[in-house]
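Read through the structure below, which is laid out as structure tokens, and then see the notes.
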């Protein structure tokens, strides 16, 4: 299974919309920057028909080093979660 990369998306924009490489690259970079800025502020980012990203705070917890078995403390941190829209979930499950 191949991986879709930023470069692939830029190439698709060039072919499908007739944008120059610079224009297509600028569009993608701006789009990603908007998403990052909103997530950094703790805001949700929702794309209708695709899904929603949100930031969650995880509390500190106890863990174990899988290599040594040593007990360690896992520090609190913020993580980004993604949940599929019902539209995309249905498409992935083969429903229409």
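Quick check on my filter: what residues within the stretch 1-38 are surrounded by 13 or more Cβ atoms within 10 Å (Cβ to Cβ) and part of a loop (DSSP other than H, G, I, E, B)?
Of everything in the stretch 1-38, just one residue is surrounded by 13 or more Cβ atoms within 10 Å (Cβ to Cβ) and part of a loop (DSSP other than H, G, I, E, B), namely 19.
For residue 46, indicate whether it is part of a helix (DSSP H, G or I), surrounded by 12 or more Cβ atoms within 10 Å (Cβ to Cβ) and free of Cβ contacts under 8 Å to residues at least 24 places away in the same chain.
Details: part of a helix (DSSP H, G or I): no; surrounded by 12 or more Cβ atoms within 10 Å (Cβ to Cβ): yes; free of Cβ contacts under 8 Å to residues at least 24 places away in the same chain: yes.
Criteria not met by residue 46.
What do you reckon, is residue 79 in contact with a helix residue (DSSP H, G or I) (Cβ under 6 Å, 6 or more places away or on another chain), at pLDDT 95 or above and either at positive phi or not assigned by TED's automatic domain parsing to the domain that holds residue 9 (or both)? Explain how you work it out, then say what you get.
Values: in contact with a helix residue (DSSP H, G or I) (Cβ under 6 Å, 6 or more places away or on another chain): no; at pLDDT 95 or above: yes; either at positive phi or not assigned by TED's automatic domain parsing to the domain that holds residue 9 (or both): yes.
For residue 79, the condition - in contact with a helix residue (DSSP H, G or I) (Cβ under 6 Å, 6 or more places away or on another chain), at pLDDT 95 or above and either at positive phi or not assigned by TED's automatic domain parsing to the domain that holds residue 9 (or both) - is not met.
The values are calculated or read from the model by the stated rules, or taken from the named source; none is laboratory data. Please read all numbers here as calculations on a predicted model, not as lab measurements. All Cβ positions, even for glycine, are placed from backbone atoms using ideal geometry, and neighbour counts span all protein chains on display.
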